[in-house]
Structures are given as structure tokens and as C-alpha cells.
Amino acid sequence: MKKGRSPTGLRPKHVPQRMCVACRQPNAKRGLIRLVRTPDGRVEVDPTGKRRGRGAYLCHNPDCWEAALKRRGLERALRLEALHPDDAAVLRHFRDGLSSETATVIRDMNIVEPD
Ligand SMILES: [Zn+2]
């Protein structure tokens, strides 16, 4: 049996779906960090999400940044031959910022007794 009837009266507005290039989780635009390819083929973090150029999105999960850097997901998404080493360093640094937040949370959860 097929339930192919679409709900009546609900015509969803065409909301552009943003998707993390690593985990492929669709997310509201705000939940993702935009990266933009500049005209000279560099990659920059675009916190405003408004810069011109081909964009790719990553969520706030440091694992996704790691995966995107390791598996060339960013190059694919941004249609780059290769990520510039400087840009890779900047993105890793950004990733570290994300993970240190997480690390703090984890550290606070595991209360280590001073020896
Ligand atoms: Zn993700």
C-alpha cells in the first residue's frame, strides 16, 4: 500500500537546504559555518554567510572539519584542485577552536582528582 498523498494545505516554502559537506546532515543555515572560495582559489571562513563565491558548509562538529580536511570533501564541494596549505592551516586552527570548546565540556564532565 502506498501512502502517496501529500498533506493538504502545507505547501512548504522553498527554503534553501544547507548541508554539511562532511556528515551530509541538512541543517538550518545558521547551524552551519560557511566557507567560501575566493576568486583566486583560496578558501576562507565566512561567518556572515554573505560573501560572494562558491560556498561550502560545515557544522560545528570538529570531527566534520577533520573529515572534510582529510577526505578532500572541501575540495570537492568547492571545486578546487587542492586546498592551499595556508588555508588548510587556518581551517585546522578554526577546527581546534571548535574542539577546545568541546574539550572543555568533556574535561568538566570528567572530574579528575588531583593527585
Ligand atoms: Zn557535519
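What follows draws every value from the coordinates through simple rules; no lab data is involved. Since the structure is predicted, the reported quantities are computational estimates derived from the model, not experimental observations. Here the Cβ positions follow ideal geometry from the backbone for every residue, glycine too, while neighbour counts run over all protein chains shown.
For segment 47-102, the list of GluC sites (Glu not before Pro) that fall in a loop by DSSP and count at most 13 other C-beta atoms within 10 angstrom reads E81.
When you count the other C-beta atoms within 10 angstrom of each residue and take the mean per peptide, 38-49, 87-98 line up highest first as 87-98, 38-49.
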